[in-house]
1. Considering each of ALA182, ALA192, ALA212 in turn, give the residue that is open to solvent by less than 40 Å² (accessible area, probe 1.4 Å) and not assigned by TED's automatic domain parsing to the domain that holds ASN251.
2. Inside region 60-105, can you point out the residues that are in contact with a helix residue (DSSP H, G or I) (Cβ under 8 Å, 6 or more places away or on another chain) and acidic (Asp, Glu)?
3. Only residues that are within 12 Å of ligand 1 (Cβ to nearest atom) and open to solvent by 10 Å² or more (accessible area, probe 1.4 Å): list them for region 295-319, please.
4. Please work out which one of (1) surrounded by 14 or more Cβ atoms within 10 Å (Cβ to Cβ); (2) more than 16 Å from ligand 1 (Cβ to nearest atom); (3) at pLDDT below 95 is the condition LYS203 fails and give its number.
5. Out of all the residues in region 135-163, which are within 19 Å of ASP87 (Cα to Cα) and in contact with a strand residue (DSSP E or B) (Cβ under 7 Å, 6 or more places away or on another chain)?
6. Condition check: modelled with pLDDT under 95, over 25 Å from ARG301 (Cβ atoms), open to solvent by less than 10 Å² (accessible area, probe 1.4 Å) and in the same structural domain as LEU355 (by TED's automatic domain parsing). Does LEU252 satisfy that?
7. Residue under question is PRO165, and the condition is that it be on the phi < 0 side of the Ramachandran plot, buried (at least 16 other Cβ atoms within 10 Å of the Cβ), within 22 Å of the chain's Cα centre (by Cα) and modelled with pLDDT of 95 or more; does it hold?
8. On the given criteria, is ARG44 at pLDDT below 95, basic (Lys, Arg) and surrounded by 12 or more Cβ atoms within 10 Å (Cβ to Cβ)?
Amino acid sequence: MNIQDFVRLLRARWVTVLVTLIVTVLGAVAVTLLTTPLYQASTRLFVSTSAGTSLAETYQGNRFSQERVISYTELLTGETLAQRTVDKLGLEMSAEQLRDEITATAKTDSVLIDVHVLDSSPVRASDIANALSDQFVLMARELETPEDGARPDARVVVEQRASVPDRPVVPKTMRNIGVGIALGILFGLGLAVLRDLLDNTVKSRESLEELAGAGLVGTIPLDKDRRKQPAISFDSDNTAIAESFLKLRTNLQFLAVDNPPRVIVIASSMPSEGKSTTAINIALALAEAEHNVLLVDGDMRRPMLHNYLDVVGSVGFSTVLSGAATLSDVLQKSRYPGLSVLSAGAVPPNPSELLGSQAAKKLIAEMRSQFDYVVMDSSPLLAVTDAAILAAGADGVLIIARFGQTKRDQISHAVGILKNVDASLLGAVLTMTPPRGDGSYSYSYSYYGANDGSKRQSSDAKESVKDSEATNDVVASEAGRHKGNLDN
Ligand SMILES: Nc1ncnc2c1ncn2[C@@H]1O[C@H](COP(=O)(O)OP(=O)(O)O)[C@@H](O)[C@H]1O
Ligand SMILES: [Mg+2]
């Protein structure tokens, strides 16, 4: 992974990192709040031996003290002294419990011993530290006094007494939060990388083109307004999504220029990938260019177009196929100029059979003769065979993949199904891509930036018409070549 990949990953998954960070920092705060505050009181003991008169004796005495210091630190944390301190102060704890609160440390080559007492009460901490030190002074005297009652060999004095600590040493709020932040960033990044590694959805033009084995002819951005109103009003709307459909239209018109596809099926592997919405807007974009367009709801299982476009849904495709009406009886004018709609009609028990019938072939031929373009919505390819049947009888298919949702193997599978029925794959469309500058994967929105297909460069939405036409030519020839491959 290089720096660019990392930046891309961060931009795409900053939410994961942020959420993990917030959780760990909150965890650190919770730990801090739940920790009983502990206060530390400290005393310092000085160990001396009866000084000799000569230099050699003094030196020896010093060494003797240093050796003592080591043993004293053990005694300071020992059971006996703890018990004496408990008795002295009348503490409501056992000697064992008190021992846990005491630490004694001495630096090498030093005759000083630092005694620390950690307790939940600041006053008790200092009381214990002082009482313990006093008791130790007595204890050392007892131990060091020879039996004959001569002067003790070593002496301990409390060099520094404990005062009442004014703030707790535990919890260490700043340190806990610091650790929380560090762990949060670490875990967050780890999680982001992990999620990225486990992500097998389609997220880039390159991977979609590779999986589909066809050029990308459109990239449709996510546009929340489409949930309420799937149809774009191309005469008044110049948002990014409208722009993207106009580009798609241009690309479509350049596909296979010698034999331009006029009956086009919009297919995808799974439900909710934007087939119906895309079909409507491709049809509208074509109608906007003064073409006479028919939009057909070929999804007889879960027809949506009549809802999306506010037309009658009960009569349509299936009605004509069953022989109960003629095409002209059930064709409806939409409220958009140049766009007629054929609803799916009542849901039949055998959609695949109906769509594969001779009647369907004839009906599609009839549609083709009456309209410049016939755009067909369809059922998910991986769910039922309907879309494959429609695709086989059409001039071409556009395969839709939804950004970050459609899985790579679903695309491959769907394309395999289309190949099996010898459908002509016109190209792929990536839908619901994150709007630009939205902390999303920064992938290029252009189609082919340079004449050399491998040297792609990103284009701007506002590129000049001339430019976009030149680019589209390349798309056309690419897709045309691909179509040739399929036909072989
Ligand atoms: N470009 C888009 N931006 C935002 N939402 C979209 C877009 N395309 C489709 N949707 C929404 O996604 C959902 C599924 O779309 P739909 O066209 O019905 O998919 P399909 O026909 O594949 O089941 C719908 O709620 C629709 O409004
Ligand atoms: Mg649909």
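The values are calculated or read from the model by the stated rules, or taken from the named source; none is laboratory data. Just so you know, these numbers come straight off a predicted model, no measurement behind them. Glycine also receives a Cβ, built like all others from the backbone with ideal geometry; neighbour counts cover every protein chain displayed. The area values use the complete protein model at the heavy-atom level, side chains included, leaving out ligands, DNA and RNA. Shrake-Rupley method; radii C 1.70, N 1.55, O 1.52, S 1.80 Å.
1. Numbers: ALA182 fails: open to solvent by less than 40 Å² (accessible area, probe 1.4 Å); ALA212 fails: not assigned by TED's automatic domain parsing to the domain that holds ASN251.
Being open to solvent by less than 40 Å² (accessible area, probe 1.4 Å) and not assigned by TED's automatic domain parsing to the domain that holds ASN251 holds for just one of ALA182, ALA192, ALA212, which is ALA192.
2. Result: GLU79, GLU96, GLU101.
3. Hits for region 295-319 are ASP299, ARG301, ARG302, PRO303, MET304, ASN307, TYR308.
4. Single failed check for LYS203: (2).
5. PHE136, VAL137, ALA140
6. Values: modelled with pLDDT under 95: yes; over 25 Å from ARG301 (Cβ atoms): yes; open to solvent by less than 10 Å² (accessible area, probe 1.4 Å): yes; in the same structural domain as LEU355 (by TED's automatic domain parsing): yes.
So LEU252 passes the test.
7. Numbers: on the phi < 0 side of the Ramachandran plot: yes; buried (at least 16 other Cβ atoms within 10 Å of the Cβ): yes; within 22 Å of the chain's Cα centre (by Cα): no; modelled with pLDDT of 95 or more: yes.
No, not satisfied.
8. Details: at pLDDT below 95: no; basic (Lys, Arg): yes; surrounded by 12 or more Cβ atoms within 10 Å (Cβ to Cβ): yes.
No.
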